[in-house]
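Just so it is clear, none of the values below were taken in a lab; they were calculated from the coordinates. Since we're looking at a predicted model, the values are computed, not measured. As a convention, Cβ positions derive from the backbone with ideal geometry for all residues, glycine included, and neighbour counts pool all protein chains shown.
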Amino acid sequence: MAVIRDRPLLVDVHDSPGTFNPENGAFILGSSVEDRIGHVGEWKNQATRVRFVHVVEQGKSDFTYLIDSEAKQISLRSERQLQEFWSRLAARTFYLDLTGFAHHVWAPLIRSCLMGGYRLMVIYVEPGDYSYNVTPTEGEIFDLSERISGVSPIPGFAALREAREENVCFVPLIGFEGRRFAYVVEQVQPPGGKIVPIVGVPGFRPEYPFHAYLCNRTTLVETRSWKNMRFATANDPFSLYYLLQDIADENRGDLLKIAPIGTKPHALGAVMFAIVNPQNVELVYDHPIRKAKRTRGFSRLLVYHVSTFLRI
């Protein structure tokens, strides 16, 4: 049975990646050409008691990592292989850096790590800025994704029950990509009065909530869901988790379909909530193909004490 702690402070904030240093255990990181994952080289020289593990390929249903100069492939749909991944690293404390990972890879990793009873801290580095679209439109100020692959379950997070249309509450965690919000609404076809959008307020920067409103304005107006708007701190997954709990309490008996299409910390909060409530939560994800250089520079580094908050 999952145990939730009573709202402690579970986020460490570092003004830059250089002020953080992992102490012991294993550090898992993905691959990306973005500026904000360049901090790892400095840590390797300082954290002598930490084993750094690189995930070099992220497929649709598997990933490949390097260990002792050997490449190993793990199926994201095999709980046995995922547990073997953690045990092979021979540690009890793990750092998982979400910055260079796709949602469909890091979400099952978090679930399996918690199921294994390990100590887990999740790392996220905020971007210094996002790449602007050279031909901006109302819904696309920033140039973030190549295309949308389509809605399909995140491995390990398929819906466990069906629900009639009137018993669905749709909760999109919206960001800067208005076409993604419009797409998931079209795919889910939720009841008009039961769309509860969540915006990151405060945002990573003061102006970001206004960008989110502008980018999603058309769908917010067409669905009239702007009337149900809720807010959670953009870089705090625990704030989002508690808000989802409030929404679930207000819509008791409904299946919550949550679309994590906003900030990655919000997506982390949604994943944790889905882990605790597998019978009543479905994650609706559109699997975007990200632009290689969608961000520039880096800002704060955040450490989330996930296993302190959540035990399975």
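Which one, Ala292, Asn216, Leu255, projects farthest toward the positive side of the charge dipole computed for the stretch 184-312 from Cβ point charges (K/R +1, D/E -1)?
Ala292
What label, among (1) 19.8, 62; (2) 22.6, 92; (3) 18.7, 56, belongs to Rg and Dmax of the Cα atoms in Å computed from the structure on display?
Working out Rg and Dmax of the Cα atoms in Å from the coordinates points to (3).
How high is the relative contact order of the stretch 122-259, given as a whole-number percent (alpha carbon pairs under 8 Å, six or more residues apart)?
The value is 28 percent.
Would you please give the FRET efficiency between Glu79 and Thr308, computed as 1/(1 + (r/R0)^6) with r the Cβ-Cβ distance and R0 = 30 Å, to the nearest 0.05?
E between Glu79 and Thr308, to the nearest 0.05, is 0.85.
Under a crude label model (7 Å from the Cα following the beta-carbon direction), how far is Asp62 from Ser149 in nanometres?
My value for the distance between the label points is 1.5 nm.
Can you pull out the trypsin sites (Lys or Arg not before Pro) in the stretch 210-239 that DSSP calls coil and that have at most 14 other Cβ atoms within 10 Å?
The qualifying sites are Arg224.
At 0.36 nm per residue, minus the direct Cα-Cα distance, what do His287 and Arg51 gain on full extension? Give it in nm, one decimal, please.
Working: separation 236, 0.36 × 236 = 84.96 nm, distance 3.00 nm.
Additional length available on full extension: 82.0 nm.
Once every DSSP H run of n ≥ 4 in the chain is given -39500 (n - 2.57) and the sum is divided by its residues, what mean residue ellipticity at 222 nm do you get, rounded to the nearest 500 deg cm²/dmol?
Details: 8 runs with 88 residues, N = 312.
Taking each H run of at least 4 residues, the total per residue is -8500 deg cm²/dmol.
Determine the dipole magnitude for the chain: charges of +1 sit on the beta-carbon of Lys and Arg, -1 on that of Asp and Glu, nothing else is charged, the reference point is the Cα centre, and the result goes in debye to the nearest 20.
Working: 35 positive and 34 negative charges, 82 e Å.
The dipole of the chain has a size of about 400 debye.
Taking the 0 to 90 degree range and rounding to the nearest ten, how far is the long axis of helix 79-88 tilted relative to the main principal axis of the chain, both from C-alpha atoms?
So the inclination is approximately 40 degrees.
Let me have the relative contact order for the chain, percent, based on Cα pairs under 8 Å that are six or more residues apart.
It rounds to 27 percent for the chain.
Taking the Cα centre of the stretch 54-174 as origin and charging only Cβ (+1 Lys, Arg; -1 Asp, Glu), how large is the dipole, in debye to the nearest 20?
Result for the stretch 54-174 is approximately 700 debye, rounded to the nearest 20.
How far apart, in nanometres, would the label points at Glu166 and Val201 be if each is projected 7 angstrom from Cα along the Cα-to-Cβ direction?
Each label point lies 7 Å from its Cα, and together they span 3.2 nm.
By how many degrees, between 0 and 90 and to the nearest 10, does the Cα long axis of helix 178-188 differ from the longest principal axis of the chain?
80 degrees
Roughly what angle does helix 103-115 make with the longest principal axis of the chain, taking Cα atoms, 0 to 90 degrees, to the nearest 10?
With rounding to tens, the tilt is 60 degrees.
Could you state the orientation-averaged shadow area of the convex hull built on the Cα atoms of the stretch 262-312, in nm² to one decimal?
Projected over every direction and averaged, the Cα hull of the stretch 262-312 covers 5.0 nm².
Taking R0 as 35 Å, what FRET efficiency do you get between Leu214 and Val13 from their Cβ-Cβ distance, rounded to the nearest 0.05?
Numbers: r = 27 Å, r/R0 = 0.78.
It comes out at approximately 0.80.
Can you tell me which of 264-270, 91-97 comes out highest on packing, and rank the rest after it, using the mean Cβ neighbours within 10 Å?
264-270, 91-97
Of Leu220, Leu255, Leu66, which is the most mobile in a GNM of the chain whose springs link Cα atoms less than 10 angstrom apart?
The residue with the greatest mean-square fluctuation here is Leu66.
So which of Lys257/Lys293; Lys194/Lys264; Lys60/Lys227; Lys44/Lys72; Lys227/Lys293; Lys72/Lys257 end up more than 32 Å apart, counting from Cα to Cα?
On the way: Lys257/Lys293 30 Å; Lys194/Lys264 24 Å; Lys60/Lys227 36 Å; Lys44/Lys72 21 Å; Lys227/Lys293 35 Å; Lys72/Lys257 34 Å.
In this structure, Lys60/Lys227; Lys227/Lys293; Lys72/Lys257 exceed 32 Å between Cα atoms.
Highest first, please rank the peptides 275-288, 75-88, 234-247 by the mean number of other Cβ atoms sitting within 10 Å of their residues.
Details: 275-288: 19.1, 75-88: 16.2, 234-247: 21.7.
Ranked from most to least packed, the peptides come out as 234-247, 275-288, 75-88.
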